[in-house]
Every structure is written in structure tokens, then in C-alpha cells.
1. Between a residue in the stretch 184-210 that is over 13 Å from residue 136 (Cα atoms) and any residue that is aromatic (Phe, Trp, Tyr) and surrounded by fewer than 19 Cβ atoms within 10 Å (Cβ to Cβ), which pairs come within a Cβ distance under 9 Å, given they are 6 or more apart or on different chains?
2. Since residue 137 meets every condition but one in (1) under 24 Å from residue 45 (Cβ atoms); (2) in contact with a Lys or Arg (Cβ under 9 Å, 6 or more places away or on another chain), which condition does it not meet?
3. With respect to the numbered conditions (1) charged (D, E, K, R); (2) at pLDDT 95 or above; (3) out of contact with any Lys or Arg (no Cβ under 9 Å at 6 or more places or on another chain); (4) buried (at least 16 other Cβ atoms within 10 Å of the Cβ), which one is the sole condition not fulfilled by residue 56?
4. Return the residue satisfying two criteria in turn: it lies in the stretch 79-132 and is in contact (Cβ under 8 Å) with a residue 24 or more places away in the chain and of a type in the set (S, T, N, Q), and of such residues it is surrounded by the fewest Cβ atoms within 10 Å (Cβ to Cβ).
5. Quick check, is residue 198 at pLDDT 95 or above, among the β-branched types (Val, Ile, Thr) and under 17 Å from residue 78 (Cβ atoms)?
6. In the stretch 179-210, how many are over 20 Å from residue 93 (Cα atoms) and β-branched (Val, Ile, Thr)?
7. Touching a helix residue (DSSP H, G or I) at 6+ places or on another chain (Cβ under 8 Å) and either in contact (Cβ under 8 Å) with a residue 12 or more places away in the chain or at positive phi (or both), is that true of residue 33?
Amino acid sequence: MVKFLLTPRDMEFYNLFEQDTSNLVAAAEMLVDLFDNYENVEAKASQLKDLEHKGDTITHDIIQRLHRTFVTPIDREDITLLAHSLDDVMDLIEAAGRTACLYRIAQPTERARQLARIVARVTHKLNEAMPCLRRHDQFPRIIKQCVEINTLENEADDVDHAALAELFEVCHLDACEVIKWREIYDHLESATDRGEDVANVLEGIVLKHA
């Protein structure tokens, strides 16, 4: 018999988390498009801001619902941590696009494009994992996605290190350009770090409820 984590009246927590990861995917894909097709940058950055606002609303709804709910489907601290960890990923995705727009960079580097694509892959993994929280028999799929997210985070570290090395090897870049790109790279790589944080929370929930 399939064992469920919660009664139907509590399902809204899972609905909200799934909305959140779906919104993350939309933002990450928008960021990939911003870097791959570097035109209408201000409009794309504005769309990223709108998606961030949507994410903030979802986070607020989760926390407000938590205050109103006596019996929660998973530990209260895990709900809070999961909501804020997802929000951190969104903030960094938006920051990467906003910074590129604000600094008026001429063209994205190939390393920036690579990092944006890794961020998008992480969000897709989170989006695939989140619905599996509803059913114990789907927990192994969560672990699988978490392992793959860890691999992606390591890949992002490697790309980030290579990007910084190349940045200092390009002799024609002035100090301002170096500072701009270091900040953009930091936002992108940090987004994968925070994505791994979400994966760690999910894995912890699985271990508690397995």
C-alpha cells in the first residue's frame, strides 16, 4: 500500500513548493535566454524581477500557511528551510540578470553561458524532485535528483574556477571589467550552491520520513 505523507487538507504545502520550483525553472530559462540571445536585456531583466516577485509571494504564502497550520505534513523547520532555500536560488538568478543589465556588459562570456545552463539544469532537477515528496514510494527519485544536483554543483565550481582564471589572463580587460565579471560569476555559481542546499533539505526530509 502506498503511504502518503499528509492528509488531503494539508496538500497545499506541496502545491506551493511545486509552484515555487516551476517558477524557478522559468526564471533560470529566462536567464539562459538572456545570456544566449543578448538582446532586449532590460526587458528580460524586468521579466526576471517579475518572476522573483512571484517567488516572494509563494514564499510568503508558505510561511503564512505554516503559522495557520497546527499539524504540518513535514517538520515545521524543514518547511521554513525549504522555502527560504528556494527563495535564495531565485534571488541569485535574478541578481545575475540584473547585474549584467546594470553593468551594461557588451557580450556575455561563454563561461557565463555555461554557468547559466548549469543553473537551469539544477532548477529542472529540483522541479522533478519536488512532486516526489508526496509519496514515500517516490523517495528514491528524490535521492537520485539530489545526487545529480551535487554533480552539477561540482561542475559549476570547475567552470567558475576556469572563468576566473581566464578573466585574469585577458590582458585587455581593465579592473572595472574584472570586477563586473567576478560579481556575475559569483551570482551564477552561488545559485548552484544554494540549489545544492535545497537538495540537502530534500534529502534530510527523505531520511526523516523514509
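1. Partner pairs satisfying both residue conditions: 184/103.
2. All conditions are met except number (1).
3. (4)
4. Step by step, filter the stretch 79-132, then rank; the result is 107.
5. Values: at pLDDT 95 or above: yes; among the β-branched types (Val, Ile, Thr): yes; under 17 Å from residue 78 (Cβ atoms): yes.
Criteria met by residue 198.
6. Within the stretch 179-210, residues that are over 20 Å from residue 93 (Cα atoms) and β-branched (Val, Ile, Thr) number 2.
7. Numbers: touching a helix residue (DSSP H, G or I) at 6+ places or on another chain (Cβ under 8 Å): yes; either in contact (Cβ under 8 Å) with a residue 12 or more places away in the chain or at positive phi (or both): no.
No; evaluated as a whole, the condition is false for this residue.
Results for (1) modelled with pLDDT under 95; (2) surrounded by fewer than 19 Cβ atoms within 10 Å (Cβ to Cβ); (3) part of a loop (DSSP other than H, G, I, E, B), shown as yes or no for each residue.
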| position | (1), (2), (3) |
| --- | --- |
| 9 | yes, yes, no |
| 18 | no, yes, no |
| 44 | no, no, no |
| 50 | no, yes, no |
| 63 | no, yes, no |
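The values are calculated or read from the model by the stated rules, or taken from the named source; none is laboratory data. In this text the structure is predicted, and so the values were computed from the model without any measurement. Methodologically, a virtual Cβ is constructed for each residue, glycine included, from the backbone with ideal geometry; neighbour enumeration extends over all protein chains shown.
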